[in-house]
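Below is one structure, written out as structure tokens; the observations come after it.
The values are calculated or read from the model by the stated rules, or taken from the named source; none is laboratory data. Predicted model, so just to flag it, every value in this text is computed and none were measured. All Cβ positions, even for glycine, are placed from backbone atoms using ideal geometry, and neighbour counts span all protein chains on display. Surface accessibility is based on the protein's heavy atoms, side chains included, excluding ligands, DNA and RNA. Shrake-Rupley method; radii C 1.70, N 1.55, O 1.52, S 1.80 Å.
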Amino acid sequence: MKRALGVCYYPEHWAEDHWADDARRMAEAGLSWVRVGEFAWSLLEPAPGEFDFDWMDRAIDILAQAGLKIVLGTPTATPPRWMLDKYPDMLAIDTDGHPRKFGSRRHYCFSHQGYLDECRRIARVLGERYGGDDRIAAWQIDNEYGCHDTTLSYSQSAQTGFRDWLAQRYQSPEALNAAWGNAFWSMQYRDFDEVDLPNQTVTEPNPAHEMAFRRYSSEQVARFNAVQAKELRTWTNAPLLHNYMGRELDFDHYAVGADLDIASWDSYPLGFLMDRIECDDATRAAFLRQGHPDFQAFHHDLYRTVGRGRWWVMEQQPGPVNWAPWNPAPLPGMVRLWSWEAFAHGAEVVSYFRWRQVPFAQEQMHTGLLRTDASDAQALAEATQVARELAEVPEAGTASAKVAIVFDYASQWACEVQPQGADFDYFNLVFSAYRALRRQGVSIDILSPETTDLSDYALVLIPGLMLLPEALQVAMKAAQARVVLGPRFNCRSAEFRIPDQLPPATDLVDAKVTLTESLPPSASIAAKGGGAIIRWWEHIESVATRHVEAVDGQLILSGDRIQYLAGWPDDALWNLLVTDWLADANIDALKLPDSLRVRDTATHRFFFNYGSETVTFEGEKIPPAGVVWHARESAG
Ligand code: GAL
């Protein structure tokens with residue numbers, strides 16, 4: 001697959017006499033993919049069963065004649081207004097019981113059978129018309145599942161679906177009562193129809209109840225996607241994909257990805273820094289116009305796994321966005337840097353959102369490659385430069401990683417259901433480990449908890465995994481790698497009970513968690529040798545080798561090849577731990593300047609300067625917002 005650039009285009013937003021010029025300018029800029037159609041339902045089907053494909057046919061003709069390959073979206077993230085007349089109850093219901101109404105997008109409940117059938121129908125109509133058209137070189141299903149908090153819905157359809165799901169899972173109300181521990185607070189049910197959704201309770205609902213609803217809701221997203229994927233596959237051999245949104249964790253992306261051919265994600269580094277990343281003001285100020293130096297990389301590595309090796313950036317930020325609390329502009333050079341970073345992590349395509357800034361409706365403050373008046377915006381020159389440069393670097397694929405981190409969606413839900421410390425967030429814990437590794441310049445793979453083979457790795461970190469699958473346990477045992485478990489590892493059963501054998505409840509490491517405590521931001525536990533435990537601290541019984549202790553002598557890290565980490569390390573402690581683990585595993589670590597990040601392909605080393613000063617490293621001078629690469633010595 002040839003690496004390439006693309007762009008998201010909405011022909012329906014512009015007078016038709018602009019289309020040919022737009023297509024020509026896209027091709028001249030070196031773009032080769034264009035995504036269309038993902039929000040165009042009301043234009044394709046203005047009234048139920050009345051279709052207007054002529055405009056789409058003409059747009060496809062014009063774009064394809066300019067040499068562009070097309071990604072066609074199914075428009076199911078934006079049901080037309082008439083759909084509501086047919087199914088007034090298809091809207092999602094929020095946790096307070098209010099409908100999430102028409103007038104923006106994603107106004108549907110994943111559990112609604114009528115709407116699901118409509119989505120199958122529109123996928124069939126599109127598949128019939130365009131499935132055999134080889135100008136449509138890929139299909140996107142829906143748009144950003146879960147975005148705008150749309151995975152969880154407390155509708156009547158969700159309630160019915162959830163009761164059926166419970167009946168299948170437990171078979172009898174008695175089994176459900178026993179599994180959830182409903183003897184507590186007289187919560188026993190006599191019938192599945194008595195089980196409500198876990199919202200609007202007086203105080204917290206049973207965490208087992210909430211966790212079951214989180215699993216059910218995630219499965220509805222996967223089912224919704226699978227229905228369209230199955231329909232499209234009867235009409236087309238082109239690859240199917242979805243565009244996931246950064247740090248959108250309410251459904252299991254691995255499960256959705258299993259039914260697709262390519263994973264893609266939407267990368268808005270400056271929006272994320274303002275909106276989706278916990279960091280101090282100094283970090284936010286330092287990276288205001290660059291984005292967090294590790295957040296994009298984390299997602300690149302995640303989606304490489306979700307897509308089983310095939311992944312894209314479907315939407316790349318080109319300038320200020322409209323949706324974060326503040327919307328700064330990138331430093332000149334950052335659009336190029338973000339694009340190259342994706343390619344260095346193995347992306348096949350980087351596609352910019354959007355072609356031309358639109359002067360009306362919700363996203364009028366969102367920049368594009370063109371301004372509203374169709375003149376070139378800053379990002380167009382950077383995209384054009386990347387297109388030229390792609391020819392210079394061989395397509396060698398991304399380097400194989402010796403280090404891996406396991407990332408699990410259910411563990412995120414578990415920590416949301418039962419945080420126990422106000423700032424305990426699973427993503428954040430995993431991301432803190434990822435950052436520490438990346439500061440040392442190593443390549444990292446992110447693995448699903450369903451992984452069955454760890455034999456390629458020398459170091460595997462598994463922080464916060466709520467429930468250890470048997471196959472992963474077998475893989476850990478068989479591996480040669482140093483494996484680090486904890487904190488909060490294997491601490492709940494599938495039914496959200498504390499395991500009978502105290503956590504980590506595995507014979508692979510000699511450790512027993514006898515007490516857990518969470519710590520407010522004002523408290524920390526200093527480690528001998530530097531750094532500290534913050535947020536979460538476990539008291540451990542262990543006779544295994546002691547590696548790191550708190551200043552009072554309590555254990556922080558113990559074990560042999562497989563080790564247990566008994567708390568949430570601050571950045572300083574993570575640095576010390578990771579330095580030791582990498583050295584023990586004979587993995588070369590780099591002493592990177594603060595703002596510099598590195599990623600290797602099989603043949604080249606790439607340097608990304610997220611800072612606003614020039615840095616020099618390995619003989620290269622890397623300007624602010626600069627990308628530099630050279631051939632790797634070991635690659636010959
Ligand atoms: C994405 C979405 C796009 C557009 C974009 C603006 O989340 O998929 O349709 O809204 O954000 O940044």
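Miscellaneous remarks
- Single unsatisfied condition, residue 286 versus (1) touching a Lys or Arg at 6+ places or on another chain (Cβ under 9 Å); (2) hydrophobic (A, V, I, L, M, F, W, C); (3) more than 30 Å from residue 21 (Cα to Cα): (1)
- Region 626-636, subset in a loop (DSSP other than H, G, I, E, B) and small (Gly, Ala, Ser), residue least open to solvent (accessible area, probe 1.4 Å): 626
- Residue 79 satisfies every condition listed in (1) more than 23 Å from residue 342 (Cβ to Cβ); (2) open to solvent by 20 Å² or more (accessible area, probe 1.4 Å); (3) without any contact (Cβ under 8 Å) to a residue 60 or more places away in the chain; (4) outside any helix (DSSP H, G or I) except (2).
- Residue 499 meets each of the listed conditions (1) in contact (Cβ under 8 Å) with a residue 12 or more places away in the chain; (2) under 30 Å from residue 305 (Cβ atoms) apart from (1).
- Residue check, residue 241 under 19 Å from the mean Cα position of the chain (by Cα), more than 30 Å from residue 183 (Cα to Cα) and either hydrophobic (A, V, I, L, M, F, W, C) or in a helix (DSSP H, G or I) (or both): yes
- Scan of region 190-204 for residues that are over 26 Å from the mean Cα position of the chain (by Cα) and buried (at least 18 other Cβ atoms within 10 Å of the Cβ), ordered by number: 192, 195, 197
- The sole residue among 330, 320 that is open to solvent by 10 Å² or more (accessible area, probe 1.4 Å), out of contact with any Gly (no Cβ under 7 Å at 6 or more places or on another chain), within 27 Å of residue 614 (Cβ to Cβ) and within 14 Å of the ligand (Cβ to nearest atom) is 320.
- Cross-chain or 6+ apart pairs with Cβ under 9 Å, region 507-534 first and at positive phi, then aliphatic (A, V, I, L, M) and open to solvent by 70 Å² or more (accessible area, probe 1.4 Å): 529/576; 530/576; 531/576
- Cβ-Cβ contacts under 7 Å between residues 6 or more apart (or on different chains), taken from a first residue in region 275-304 that is farther than 22 Å from residue 379 by Cα to a second residue that is open to solvent by less than 60 Å² (accessible area, probe 1.4 Å) and part of a helix (DSSP H, G or I), are listed as 277/295; 278/428; 284/273; 298/431; 298/434.
- Put simply, of 455, 493 the only residue that is closer than 25 Å to residue 580 by Cβ and of a type in the set (Ser, Thr, Tyr) is 455.
- Qualifying residue in region 390-403 (condition: within 17 Å of residue 568 (Cα to Cα), in contact with a Ser or Thr (Cβ under 6 Å, 6 or more places away or on another chain) and small (Gly, Ala, Ser)): no
- Enumeration of residues in region 145-159 that are crowded, with 20+ Cβ neighbours inside 10 Å and away from the ligand (no atom under 16 Å from the Cβ): 152, 153, 154, 155, 157, 158
- Hits in region 250-288 (condition: surrounded by fewer than 19 Cβ atoms within 10 Å (Cβ to Cβ), out of contact with any Asp or Glu (no Cβ under 8 Å at 6 or more places or on another chain) and assigned to a loop (DSSP other than H, G, I, E, B)): 258, 259, 261, 276, 279, 280, 288
- The listed residues are 93, 70, and the only one of them that is over 22 Å from residue 375 (Cα atoms), among the β-branched types (Val, Ile, Thr) and open to solvent by 20 Å² or more (accessible area, probe 1.4 Å) turns out to be 93.
- Residue check: residue 64 meets all listed conditions (1) over 22 Å from residue 153 (Cα atoms); (2) free of Cβ contacts under 8 Å to residues at least 12 places away in the same chain but one, namely (2).
- Subset of region 4-24 (residues that are touching a residue at least 60 places away in the same chain (Cβ under 8 Å), buried (at least 18 other Cβ atoms within 10 Å of the Cβ) and not aromatic (Phe, Trp, Tyr)): 4, 5, 6, 7, 8, 22
- Screening the candidates 134, 142 for the property of being open to solvent by 50 Å² or more (accessible area, probe 1.4 Å), assigned to a loop (DSSP other than H, G, I, E, B) and not assigned by TED's automatic domain parsing to the domain that holds residue 492 yields one hit, 134.
- Selection from region 612-625 of residues that are touching a strand residue (DSSP E or B) at 6+ places or on another chain (Cβ under 7 Å) and either surrounded by 18 or more Cβ atoms within 10 Å (Cβ to Cβ) or without any contact (Cβ under 8 Å) to a residue 40 or more places away in the chain (or both): 614, 615, 617, 620, 622, 624, 625
- Residues of region 205-225 satisfying the condition of being open to solvent by less than 30 Å² (accessible area, probe 1.4 Å) and under 23 Å from residue 115 (Cα atoms): 213, 214, 216, 217, 218, 220, 221, 222, 224, 225
- The C-beta contact set for region 32-53 (first residue at positive phi, second residue part of a strand (DSSP E or B) and among the small types (Gly, Ala, Ser), distance under 9 angstrom, 6+ apart or interchain) comprises 37/73.
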